[in-house]
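Each remark here refers to the structure printed beneath this line.
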Amino acid sequence: MNQDVKQTVAIVGAGLVGCLQACYLAERGYAVNIYEKRSDTRKKENQQLTRISINLALSTRGIEALKEVGLAETVLQRAIPMRARMIHELDGACWSYAYGTKGQVLARTQYSTRFVI
């Protein structure tokens, strides 16, 4: 974080976008407070929530954003490339539909409490 703190910014919502925005603002020297409605899943009294994970499809744009804040390598270590989605028709027919253009993939990863600091 930049040593010359400009001012304090409040972000409401500790989801993916709120946390990424906090990273961007901190890099620019802002002190950031994040507020989240849901309980902290790291606390023992919320133990039933600590096993929750969210499968996340991460696009090329998302990967680039994570690179900008220095988190891409950490997240992508656990990612699995997804090159296409499977379409299931009502009649039972199946076909695949590629994500992006040649060479682009989505990364399937788990967003979990390990990324909460």
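Observations
- In Hz, Karplus ³J(HN,Hα) per residue of the stretch 13-24 (6.51, -1.76, 1.60; θ = phi - 60°; x = Gly, Pro): x, 9, x, 4, 6, x, 5, 5, 4, 4, 4, 4
- Amide H within-cut-off set for ALA84, under 5 Å, with H built and near neighbours excluded: TYR99
- Taking amide H as placed 1.01 Å from N in the peptide plane, the amide H of ILE11 sits under 5 Å from that of ASN33, ILE34, TYR35, each at least 5 places away or on another chain.
- The distance between label points at TYR97 and ASP40 comes to 4.2 nm (points 7 Å beyond Cα on the Cα→Cβ vector).
- Listed peptides 15-22, 90-97, 72-79, 33-40 appear in the order 15-22, 72-79, 33-40, 90-97 once ranked by packing, highest mean of other Cβ atoms within 10 Å at the front.
- Gain on full stretching of the segment that runs from LEU16 to GLN77 - 0.36 nm per residue minus C-alpha separation: 20.2 nm
- Remark: the stretch 57-67, residue by residue, has Karplus-estimated 3J(HN,Hα) of 8, 10, 7, 4, 4, x, 4, 4, 5, 5, 4 Hz, where x stands for each Gly or Pro and the curve is 6.51 cos²θ - 1.76 cosθ + 1.60 at θ = phi - 60°.
- Simple label model, 7 Å out from Cα along Cβ direction - GLU27 to GLU68, nm: 0.7
- Around the amide H of LEU58, modelled in the peptide plane, lie the amide H atoms of ALA107, ARG108, THR109, all under 5 Å away and 5 or more residues distant in sequence or on another chain.
Any read-out appearing in this document is the output of simple, stated calculations on the displayed coordinates, not a laboratory observation. It should be emphasised that the depicted structure is a prediction, and the values quoted were computed from it without experimental measurement. Virtual Cβ from ideal backbone geometry, glycine too; neighbours counted across all protein chains shown.
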